[in-house]
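To start, the structure itself, in structure tokens.
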Amino acid sequence: MYERFGIKKELFDDYLIFSKKRTFWFLRKSRFISEVSHLKIKRLGIKAFQEVGSFMKPTTRFIQYFGVHATKALLIIDEKQLRQLIDGDFLPFNNELENGYVILFFKGEVLGLGLLIKGMVRSQLALDEVRYLTI
Amino acid sequence: MYDFFSPYREIIPDFNSFIDSLNRPAPIHLRVNRIKAEPEKVVQILEERGITLKPMGDEGKRFFEASNLKSSGNLPEYFSGYIHPQALSSCLASMVLAPHRECLVLDMCSAPGGKTAHMADIMGNSGLIIANELYPTRHIPLGHTLTRLGVLNVIYTEYQAQEFPLKQRFDFIMADVPCSGEGRIRKQDESSNSYPSKPHPGDKLLDLQKKMILRGFDLLKDGGTMLYSTCTYNPLENEGAVQFLLNNRDAELLPIDITFPHMNGLTEFNGVSYDRQLYRAARFYPHHLNSVGFFMARIGKRG
């Protein structure tokens with residue numbers, strides 16, 4: 001997260017990371033966690049990452065929460081560009097950045113992620129959730 | 001509608017206004033999610049979109065009536081988790097329970113997650129909330145709501161609330177129990193004449209509510225607080241369940257100190273007397289609050 005987005009490692013000091021297969025969850029640290037360990041737990045916190053090929057893909061909800069602390073790999077988009085992404089178009093990214101994920105900012109809000117490949121960004125936003133957004 | 005609610009004519013003040021209010025659809029209320037956003041910033045963004053926001057209560061810029069909004073689900077601010085559409089009376093439940101930061105909380109019947117997320121907001125996303133929900137299908141909307149709103153202090157469990165394991169005690173418990181849902185009976189929208197179906201609580205439901213309120217109380221730490229709530233007017237499901245608790249445990253009703261309009265709980269209905277403490281419970285009616293009809297009782301376990 002620091003290498004790609006400039007999000008400082010210390011920001012995650014307050015969280016526990018749990019993993020299962022190729023998925024990672026974040027849970028806020030609490031002195032009560034050991035006390036409730038007898039409970040049959042269905043899930044916890046928020047899903048943070050998923051290993052996708054050689055990439056570690058952050059989830060939209062994770063990046064919406066922590067993305068405000070990012071200092072690089074950011075793409076600020078306007079209404080027209082957001083509509084283009086939702087419609088499946090690619091946006092040019094004029095920055096010398098390695099292929100990988102970029103954080104999409106819209107009107108100061110972290111919307112989620114785009115994927116940069118060969119200078120073009122495609123949407124990684126869940127289409128069923130953003131298709132009908134009133135922009 | 002009048003006939004259905006006529007048994008409550010004596011207990012619902014200004015009964016004709018109450019009936020009139022049921023013929024108007026409930027407005028959309030929005031809660032600003034402080035876990036992810038500053039209320040002032042969210043208000044500015046929404047007003048720039050042409051959404052009229054009317055602040056509700058004296059609690060600062062946290063709850064709003066959005067009178068000209070048809071649906072909030074297609075707003076980018078919904079997608080980003082800055083806002084949550086939630087009935088005002090439902091927001092009040094978490095406010096009244098008021099869980100502290102760094103404490104241990106149980107939400108006995110958590111789905112769809114609005115109250116759970118609001119408690120996380122009040123707790124500054126700290127401490128730990130056990131979000132319990134029996135039905136697997138309800139875990140999907142529950143998980144969706146809590147992750148969208150950035151709730152990171154939560155563990156999900158799937159127990160029957162009335163049989164939740166007793167090994168661990170909690171500082172605060174939200175017991176928003178299954179109910180007949182009379183408080184939700186209201187015209188669906190301006191153009192239609194449809195109402196939700198009229199429910200009736202069976203003995204099984206009343207029995208379940210009693211078991212849940214007892215288990216909730218037994219799960220409290222000494223000095224802990226539980227909120228028992230329903231979205232129904234039926235005294236059997238409200239004061240009746242609390243009376244059952246008072247008859248069987250050394251519980252006390254705590255005052256509910258909020259500025260939103262409400263009536264005191266009943267101490268008598270249909271010839272049945274309830275403990276005098278019940279006046280400390282709160283009844284919320286749609287013609288007073290313009291939201292879902294609601295009942296809540298704040299219950300303490302002596303330390």
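The values are calculated or read from the model by the stated rules, or taken from the named source; none is laboratory data. The model shown is predicted, which means the values in this text are computed figures rather than measured ones. Cβ atoms come from the backbone with ideal geometry, glycine included; neighbour counts cover every protein chain shown. With ligands, DNA and RNA removed, areas are computed over all heavy atoms of the protein, side chains included. Shrake-Rupley method; radii C 1.70, N 1.55, O 1.52, S 1.80 Å.
The dipole here belongs to chain A: it is taken about the Cα centre, uses +1 on the Cβ of Lys and Arg and -1 on the Cβ of Asp and Glu, and is about 640 debye. Simple rule: put +1 on each Lys or Arg Cβ and -1 on each Asp or Glu Cβ in chain B, find the dipole, and look at B:Gln209, B:Leu278, B:Pro85; the Cα lying farthest toward the positive end is B:Pro85.
To two decimal places, what compactness ratio does the protein assembly as shown give when its Cα radius of gyration is scaled by 2.2 N^0.38 Å?
Cα Rg divided by the expected 2.2 N^0.38 Å: 1.05.
I'd like the per residue volume of the convex hull spanned by the Cα atoms of segment B:217-303, given in cubic angstrom. All intermediate terms of the calculation are to be shown ahead of the outcome.
Numbers: hull volume 7.8 nm³, N = 87.
Cα convex hull per residue, to the nearest whole number: 90 Å³.
Each residue of segment A:85-100 was assigned a 3J(HN,Hα) from its phi angle through the Karplus curve 6.51 cos²θ - 1.76 cosθ + 1.60 (θ = phi - 60°); the sequence is 4, 5, 6, x, 7, 9, 10, x, 10, 8, 7, 7, 10, 5, 3, x Hz, with glycine and proline shown as x. When nucleic acids and ligands are ignored and a 1.4 Å probe is applied, B:Ser72 ends up with an accessible area of around 10 Å².
Between the listed residues A:Leu27, A:Ile86, A:Met56, the Cα displaced farthest toward the positive end of the dipole of segment A:21-135, a dipole computed from Cβ unit charges relative to the Cα centre, is found at A:Leu27. Scalar couplings 3J(HN,Hα) for segment B:165-173, obtained by applying the Karplus form with A = 6.51, B = -1.76, C = 1.60 to θ = phi - 60°, are x, 8, 4, 10, 9, 10, 6, 9, 9 Hz; x denotes Gly and Pro.
Taking every DSSP beta bridge with both residues inside segment B:88-301, roughly what % is antiparallel (nearest 5)?
Numbers: 17 of 34 bridges.
Antiparallel bridges: around 50 percent, rounded to the nearest 5.
Only one residue of A:Gly119, A:Phe106, A:Gly45 has its Cα farthest out toward the positive end of the dipole of chain A, where Lys and Arg carry +1 and Asp and Glu -1 on Cβ, and that residue is A:Gly45.
Only loop residues by DSSP count here, and only those with at most 15 other Cβ atoms within 10 Å; note down the GluC sites (Glu not before Pro) in segment B:1-95 that meet that.
Details: sites: B:Glu10, B:Glu40, B:Glu47, B:Glu48, B:Glu59, B:Glu65, B:Glu77; in loops: B:Glu10, B:Glu59.
Taking segment B:1-95 and a limit of 15 other Cβ atoms within 10 Å, the loop GluC sites (Glu not before Pro) found are B:Glu10, B:Glu59.
Computed about its Cα centre, the charge dipole of chain B is approximately 400 debye, with only Lys, Arg, Asp and Glu carrying charge at their Cβ. Exposure check, 1.4 Å probe, all protein chains in place: B:Thr145 carries approximately 10 Å² of accessible surface. Taking amide H positions as modeled 1.01 Å from N, with prolines and chain starts lacking one, the residues under 5 Å from B:Leu220 and 5 or more places away or on another chain are B:Phe170. Within segment B:75-153, the trypsin sites (Lys or Arg not before Pro) that combine a DSSP coil assignment with at most 14 other C-beta atoms in a 10 angstrom radius are B:Arg101. The charge dipole of segment B:16-111, taken about the Cα centre with unit charges on the Cβ atoms of Lys, Arg (+1) and Asp, Glu (-1), comes to about 140 debye, rounded to the nearest 20.
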